[in-house]
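Working notes, beginning with the structure itself.
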Amino acid sequence: MISAGIDPGTGSYDVVAIEDGKVVFRKNIPTEEVRASPDVIVEVIEESGAEVAAGLSGYGLPVKRFSELDEVDLLLMTLNFDSERAIGLRNIIKAVKERNVNLYTVPAVIHLPTVPPWRKMNRIDIGTADKLCSAVLAVAKLSEEEELTKLNFILAEVGEGFNAFIAVRNGRIVDGMGGTTSFPGYSSLGAMDAELAYIIGEFPKKLIFSGGVKSFASEWKVNENEVTNILSEFVLKGIRAMEVSTDADFYMLSGRFAPDVLRKLRGEGKEVRLLGGFGRGKQSAQGAAIIANAIAGGEYREIVDYMRIFEAKGTLLDYITSDIMEYVRRGLKRRGD
């Protein structure tokens, strides 16, 4: 059986198809091309020969077939109140329905029952769907050499945009810090100082994707080597925070800057590895392909079942306390007017 995974990256979309534990198809499509013609994603999935696919889920949604998605699902996946900007995903969903593509959503870390509720308190992003997919890939590959119940590690995603961290304990995801609740990434400011947010007041979604190490380096004339040092420090801080939730035997890195950060983190007391996966394509797309395989009852079903991915439920707003939720409702109403 061929299963495909899709990673909607900042600069490009990656489609990876696997069969019998090997990559049999991989295609990279510039994001601008997808925005101009959303149908291209559907065409590439069909080209891959996949019987089932998963991914394209943004902030995540419990496993659901794309043909069954409604407007509320779309909002929860994108958290974007700009209908023009969300129209690309709408067009993809429309094409999926018209051509009956067997494509499914993937949950985020916050949807998982393996993460205690208090770790989700007043959080939305503790690891988006693509970060969960990378963690699934890591667990699947590591389980080839070690029992699932003995896998204890921290995965750090050091990408072009955000830094994110996932804690795995006994083979299951138990905690996470997403790109918008974490330390600064290369292109993003990460968690915003609440006092800064108060001063700014209302701000557009694009602000989330700015104010990172890249901006700081440009304004403060920081050289390339120092940029790596800064990123590495923030990554180490994220890893240290996740160590509260798991007694990690090692750290695992993925993303564009992972090799550079790896060299800086060696000597920090624990082994540091790179997430290789199947060797071709973006790791999150590979992980999504594993989940798709499990949805169809393939060889990865046992692993994905063990991780309780299919037990994901609820919404991103379920863990907002009532005193904060009052302001969330006001914000939703204001944006809806």
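The values are calculated or read from the model by the stated rules, or taken from the named source; none is laboratory data. Just so you know, these numbers come straight off a predicted model, no measurement behind them. All Cβ positions, glycine included, derive from the backbone under ideal geometry; neighbour counts span all protein chains shown.
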* Structure fact -> Of 115, 106, the only residue that is within 17 Å of the chain's Cα centre (by Cα), among the hydrophobic types (A, V, I, L, M, F, W, C) and within 25 Å of residue 192 (Cα to Cα) is 115
* Which of the strands (runs of 3 or more DSSP E) contained wholly in the stretch 11-113 include at least 2 residues that are surrounded by 23 or more Cβ atoms within 10 Å (Cβ to Cβ), in contact with a Phe, Trp or Tyr (Cβ under 8 Å, 6 or more places away or on another chain) and touching a residue at least 60 places away in the same chain (Cβ under 8 Å)? -> 12-19, 52-55
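So, in the stretch 182-208, exactly how many residues are touching a residue at least 60 places away in the same chain (Cβ under 8 Å) and either under 23 Å from residue 327 (Cβ atoms) or more than 24 Å from the chain's Cα centre (by Cα) (or both)?
The number of residues fulfilling the criteria is 1.
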* Sole residue being modelled with pLDDT of 95 or more and crowded, with 17+ Cβ neighbours inside 10 Å, chosen from 195, 157, 146 -> 157
* Quick check, is residue 273 loosely packed, with under 13 Cβ neighbours inside 10 Å, among the basic types (Lys, Arg) and farther than 25 Å from residue 104 by Cβ? -> no
* Asked: For the stretch 50-72, does any single residue satisfy the condition of being in contact with a helix residue (DSSP H, G or I) (Cβ under 7 Å, 6 or more places away or on another chain), at pLDDT below 95 and among the β-branched types (Val, Ile, Thr)?
  -> no
